[in-house]
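Below is one structure, written out as structure tokens; comments come after it.
Laboratory data are not the source of any read-out in this text; all were calculated from the coordinates shown. Values in this document were obtained by computation on a predicted structure and should not be read as measured data. Glycine gets a Cβ as well: all are built from the backbone with ideal geometry, and neighbour counts include every protein chain shown.
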Amino acid sequence: MTELTISTLPAAPLHVLEIWSNAASVAKRFKAAMGFALPATGRSGGNDALRLIRFEPTVWLVEGDTSALSGILSDGGAVTAIGGGIVRLRLSGRGWRTLLMEGGVFDAESPTFAAGCSAATIIDHVNVRLHVVDETTCVAYVPLSFSQGLLHFWEQAAESLVG
Amino acid sequence: MTTFRFDGTTYTAQAGDTLAAALLRNGIGLVGRSFKYHRPRGIMTAGVEEPNALVTVGEGGRAEPNTRATDVFVYEGLVAKSQNRWPNLSFDVGAVLGLAAPALSAGFYYKTFFGSAKKWMFYEYFIRKAAGLGNAPTLADPDRFSQRAAFCDVLVVGAGPAGMQAALDAAESGKRVILVEQDNILAPSLLRDRQEQDADWINATAERIRAAGGVILTRTTASGYWEHDLVTLTQRISEPGQIPAQGVAQRLWHVRAGQVILATGSIERPMAFAHNDRPGVMLSQAVRTYVHRFGVVPGKRVVIATNNDDAYKSAQALKDAGAHIVAILDARPAPAGANSGHRVYNDAVPLSTKGARHCLKSVSALVDGKAMDWDADLLAVSGGFTPVVHLHMQAGGTLDWNEDAQAFIPASSRQNVTTIGGAAEPQAIFQMVPVSSPKKSFIDFQNDVTLADVDLAWAEGYRSVEHLKRYTTLGMATDQGKLSNMAALGRLAEKQGVAIPEAGLTTFRPPYTPVTMGLIAGASAKDAGAHVRRLALYDLHAAKNPIWQPLGYWFRPRAYPTGGETLAQAALREAKAVRNNVGMTDVSTLAKFEVSGPDAAAFLEIICATTVNKLAVGRGRYTFMLREDGFVFDDGTVWRLDKNRYLLTSSTGGADRMATHISYVRQFLCPHLRVSAVNVQEHYAGIAVAGPQAKAVLATLIGEEPPRHMSTVPAAIAGVPVIILAASYSGERAFEIYVDASQAEAVWAACEAQVNEAGGALYGLEAMEFLRIEKGHLVVGGEVDGRMTPHDLALDKMLNKAGGYIGASGLARPALSEAGRRQLVGLEAIAGDIPEGAMLIPSEGASPQGHVSAAAFRIIAGGSVALGQLTDGFSRHGEILIASSPTRGQQARVRVVAPHFYDAAGERYRD
């Protein structure tokens, strides 16, 4: 039997951080101010107050308090709110990897897709961003309009995994 | 014991029986009727290549027609029905077609195309009536179908001894391994042949593969090999017609493999001789499978015909099981088979069989030039072995000819695929040529294709094997020529006087075995498409029970009928509320992009064909976007929210296309700009409030003077921060309120309460369409149809004179401003209602000069109006035309006018 729970996390502020120039100096200022480095592509970094997940070469998804970011970015980038359009679904239990293979195209079963890793992929026609929290938890960031449909799809798929 | 039903009679089966094994166990020899001549057919094989024993399994929506009885495992309550017979299997009226066989030879239906069309209409009825085998279920399939991705270093197809060993070696060297087997047990050939590697070896090997992290999938067929070593697997989770334990009946796997090892074995070939299709004629290895694996002895008096050594194993198996081996007909000269302990006739080939509908009675053969007969109830034949090279060929591989085996074997491959085991090294056989009458010597049992049909095709000029296949229907249908192709190639080569490899080869296409439509559809089988996109305010709308309108993947309220209103009545009431008082609607689906940075205005002036950088903070404007060829592809509004921050809106239907366009411009055309362009379509829910009372309603909601037309302010409604854009699509004073979608319900509720207080109403897409048509506003996909330039739409005065926008160069081409182009016009009905989509013609029978893109009614004044595209339309105002829709049988006389039927001066949305 595969253990798996799917839960919807409460709405929370989410932002897109994009750096368009002076990336090295922005990164330096960021690390000095926040105490951790901007994560590399496909990785996450941060703490309880602020977490960044890098999905594109110059773009990070930001969870938490972004009030300090504008000052750090100066004219080198921008922060834009997108949280209203994203639903966070938490997949808990060892079955999350198998679940993500349903209707998927991404190798979520790879051992290298471990805690701190992130990916942007398509699952059952829906663009989804994934963040591995730990070996038994993955958070999926799903467009609001598709979230009910994908949740239903996952709940049905999970039945055949855990039944 | 398990019980099942076949054609209404209940039988018992043993655990692990296929339906074919269970039928044989119960003494049933007649299982089906052939496609064309309705000849009685039995069970020929024990695998997926079965051409004869096709049945419908299951009931209602779960019924699966054309299921091979050899490829379904009996479960309690299984229901199977024979096919292509009436009134019953034993007495089938259709068998009379056998008498008409001379008229129904190869390509007969092509010949029905000759002569007048009237004749074909006559033939067509009967051909359609006779076409097909089983019937597709008319009820929806109640089960679910899963599609799952998988990745591995090594995919091994076929869990025979070679495949299992390869999987074990790969898994224990640390590779991620998937091993698939189409049977429900591993290494079924070992069970059939009782080789040295026994059940203990199978179990131990499987355990070691799993212990090393390997995945083993049984009842799983590698059905297709695609580019970049992508292999599709079809997995039966429940048997055909069976209620699945977890709701999922089948799974389609998309496996991306680093390497693929094909251990697919080979398929035994039948022999071509007269009446070789009777029940009781069976492949030799199939006989051995039934004896050793299922404990079923398919005959008591057995003749075996072979051209190889393998069939002697079947003879021994039958003898051990108590059957009497009457004769072994070995095509090879003596001393082949001399030491077998059986009565062997060398230089012997079968000539014909006799029998009844249900069974075989005798076999005749040509032995060393003399005819001989034997009474027998089973004829086991082995005409050699055809390696299963389908996946290798689908992967783009080539084949070599193996003279000893008289078979094609895998050669080079364009992908990372290797073939091992029996598929790479088939057994040697003796080449034999059919000597029997070709008329009843079947080579494609499923399609009733005989050697005579191949001869006829040859005589009629069909030289290419691909043409031969299509003319005779050989190699089509569920078995896809698994048993027939080599026989046909042999006959064609014989006719051509060349060796088989020179005769050509047909194409191996996926799927290897039939795949159900539900499996291909996957989770979408129930919805016939992708997920429906839900509005953030879906629940609030749903509570009012609106009429929903699909719009791309979205569903939006089309109207909110009350008190038994029709759609038209509701929409007119809603539109009148907007014209006379105030209405509100959900506009959340509009595309929205937040563009930030010092170069935001410069970036937007590349995207938009209008000026942007002159906008003051807090102001907005209408804008439109061009393709590189100069044609309009979307429109919307652009708003300067702050010094370096803009909000761009565009159409719902073009939202994804616009997102792609903006990303392309940002990443490839303008990587140097200091700008961030973020898709915020779903971040903001949007609510439009429109009508003469809209300003007052909004003032109450935000507690201050609302912004003037085409201005924007931040505000708060119900304590929630919002952005107010003063813009009008309806032609009335109107506002769009944008709010973080997660907080939109409170804002909607506050707006609705205020609108109700003012005596207003909600309005849906239908009313919005009435309003915008009357006002003459464009819609993307209607008036903006990809063929219209800004000039054609009378937008050219808004073009950015400085140029620099995408499409500026394309638009400069002279042809785009020459006379004779279609141009936007308004149309007023003189008589009749204007049909939407109608063509515009000057008189009956004349060529169309344009079409109606959208039609509606004047909301207050009444009367039919429309927007349309008309050749040189700007200069034709006042002309009378006919709007004709022959497909609907509707017509109206219309007058060409300017495309503004309401407040042309735009006074109603300005304070």
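Per residue of B:878-887, how many C-beta atoms from partner chains lie within 10 Å of its own C-beta, taken as a mean?
Mean partner shielding for this stretch: 0.
If packing is taken as the average number of other Cβ atoms within 10 Å across a peptide's residues, how do B:476-486, B:336-346, B:606-616 rank, most packed first?
Order by mean packing, descending: B:476-486, B:606-616, B:336-346.
Using 0.36 nm times the number of residues separating B:Glu879 and B:Ser173, minus their current alpha carbon distance, what extension gain do you get?
So the extension gain works out to 245.9 nm.
How long are the three semi-axes of the equivalent ellipsoid for the stretch B:2-100, computed from the Cα gyration tensor as the root of 5 times each eigenvalue, in whole Å, largest first?
Gyration-tensor ellipsoid for the stretch B:2-100: 22, 14, 12 Å.
Output wanted: per-residue J couplings in Hz (rounded whole) for the stretch B:354-362, from phi through Karplus 6.51 cos²θ - 1.76 cosθ + 1.60, θ = phi - 60°, x for Gly and Pro.
These are the phi-based 3J(HN,Hα) values: 10, x, 9, 4, 9, 7, 9, 10, 8 Hz.
Can you put B:Glu769, B:Glu207, B:Glu736 in order of Cβ neighbours within 10 angstrom, beginning with the fewest?
In increasing order of surrounding Cβ atoms, one gets B:Glu207, B:Glu769, B:Glu736.
List every residue whose amide H lies under 5 Å from the amide H of B:Leu551, counting only residues 5 or more places away in sequence or on a different chain, with H placed 1.01 Å from N in the peptide plane.
B:Arg556
Out of residues 5 or more away from B:Leu179 or on other chains, whose amide H comes under 5 Å of its own, with H placed 1.01 Å from N in the peptide plane?
Amide H neighbours of B:Leu179, under 5 Å, 5+ apart: B:Val156, B:Val215, B:Ile216, B:Leu217.
Subtract the Cα-Cα distance of B:Ser809 and B:Ile520 from 0.36 nm times their separation in residues, and report this length gain in nm to one decimal.
99.5 nm
With Cβ to Cβ distances under 9 Å as the rule, what net charge do the other residues near B:Thr70 carry (K, R +1; D, E -1)?
Overall, the nearby charge balance is -2.
Sequence neighbours fewer than 8 away in the same chain don't count; with that in mind, list the aspartates and glutamates whose C-alpha is under 18 Å from B:Lys313.
Partners found: B:Asp193, B:Glu196, B:Asp198, B:Glu268, B:Asp330.
Scan around B:Arg674 for amide H atoms under 5 Å from its own, H built in the peptide plane at 1.01 Å from N, and keep only partners 5 or more places away or cross-chain.
Here B:Asp599 satisfy the definition.
With label points built 7 Å along Cα→Cβ from the Cα atoms of B:Lys643 and B:Tyr664, find their separation and express it in nm.
3.5
Taking the highest mean first, how do the peptides B:847-853, B:307-313 order by number of other beta carbon atoms within 10 angstrom per residue?
Those peptides, ordered most packed to least, come out B:307-313, B:847-853.
Over the Cα atoms of the protein assembly as shown, Rg to Rh with Kirkwood Rh, two decimal places?
Result: Rg/Rh = 1.06.
Around B:Lys354, under 11 Å between beta carbons, what's the net of Lys plus Arg minus Asp minus Glu among the other residues?
Computed value for this residue: 0.
When each pair of different Cα atoms in the stretch B:727-783 is counted once in the 1/r mean, what is the Kirkwood radius in angstroms, to one decimal?
Kirkwood radius, the stretch B:727-783: 13.1 Å.
Report the semi-axes of the equivalent ellipsoid for chain B in whole Å, largest first, where each axis is √(5λ) for an eigenvalue λ of the Cα gyration tensor.
Over the Cα atoms of chain B, the semi-axes work out to 71, 32, 27 Å.
Looking only at the stretch A:39-62, which residues have a backbone nitrogen under 16 Å from a spot 7 Å from the Cα of B:Arg256 in the C-beta direction?
Within reach of a label on B:Arg256, which here means backbone N under 16 Å from a point 7 Å along Cα→Cβ, the stretch A:39-62 contributes A:42.
Taking the Cα centre of chain B as origin and charging only Cβ (+1 Lys, Arg; -1 Asp, Glu), how large is the dipole, in debye to the nearest 20?
Computed charge dipole of chain B: roughly 1240 debye.
B:Phe122 versus B:Arg895, label points 7 Å from Cα toward the beta carbon: distance in nm?
Result for the modelled spin labels: 6.0 nm.
Assuming R0 = 60 Å, what is the FRET efficiency of A:Arg94 and B:Asp400, from their Cβ-Cβ distance, to the nearest 0.05?
About 0.80, to the nearest 0.05.
Could you work out the helix-only [θ] at 222 nm for the protein assembly as shown, with each DSSP H run of four or more residues adding -39,500 (n - 2.57) and the total divided by the number of residues, to the nearest 500 deg cm²/dmol?
After summing the helix terms and dividing by residue count, I get -6000 deg cm²/dmol.
Evaluate E = 1/(1 + (r/R0)^6) for B:Ala904 and A:Asp75, where r is the Cβ-Cβ distance and R0 equals 51 Å; express this FRET efficiency to the nearest 0.05.
It comes out at approximately 0.65.
Shielding of B:533-546 by partners, i.e. mean partner chain Cβ atoms within 10 Å per residue?
Mean partner shielding for this stretch: 2.
Give me the inter-chain shielding for B:676-689: mean count of other chain Cβ atoms within 10 Å, whole number please.
For peptide B:676-689, the averaged partner shielding equals 5.
Along each principal axis of its Cα atoms, how long is the stretch B:591-679 end to end? Whole angstroms, biggest number first, please.
Principal extents (largest minus smallest coordinate, Cα): 30, 27, 21 Å.
Using only C-alpha positions, report the orientation-averaged shadow area of the convex hull of the stretch B:257-299, nm², one decimal.
4.9
Using 19 Å as the Cα-Cα cut-off, could you pick out the over-long pairs in B:Lys129/B:Lys439; B:Lys614/B:Lys801; B:Lys129/B:Lys354?
B:Lys129/B:Lys439; B:Lys129/B:Lys354
Through the Karplus equation 6.51 cos²θ - 1.76 cosθ + 1.60, θ set to phi - 60°, convert the phi angles of the stretch B:105-118 into ³J(HN,Hα) values in whole Hz; use x for Gly and Pro.
The phi angles translate into 6, 3, x, 4, 6, 5, 5, 6, 6, 5, x, 6, 4, 4 Hz.
What lysines does B:Lys576 reach when the alpha-carbon gap must be under 30 Å and sequence neighbours fewer than 8 apart in one chain are set aside?
B:Lys544, B:Lys592, B:Lys695, B:Lys775
Once phi is turned into ³J(HN,Hα) by the Karplus curve 6.51 cos²θ - 1.76 cosθ + 1.60 with θ = phi - 60°, what whole-Hz value does each residue of the stretch B:155-169 show in order, with x for glycine and proline?
Each residue's phi maps through the Karplus curve to give 10, 10, 9, x, 9, x, x, 5, x, 5, 5, 5, 5, 4, 4 Hz.
Return the FRET efficiency for the residue pair B:Tyr110, B:Glu196: r is the Cβ-Cβ distance, R0 is 60 Å, and the value is rounded to the nearest 0.05.
After rounding, the FRET efficiency stands at 0.65.
Once the Cα atoms of the stretch B:808-860 are picked out, what are the Rg and Dmax in Å?
Calculated on Cα positions, Rg and Dmax stand at 15.0, 44 Å.
May I ask you to list the aspartates and glutamates whose Cα is less than 18 Å away from that of A:Lys28, ignoring any residue fewer than eight positions away on the same chain?
A:Glu18, A:Asp75
With each label point set 7 Å from Cα along the Cα-Cβ vector, what nm distance links B:Ser817 and B:Arg888?
3.7
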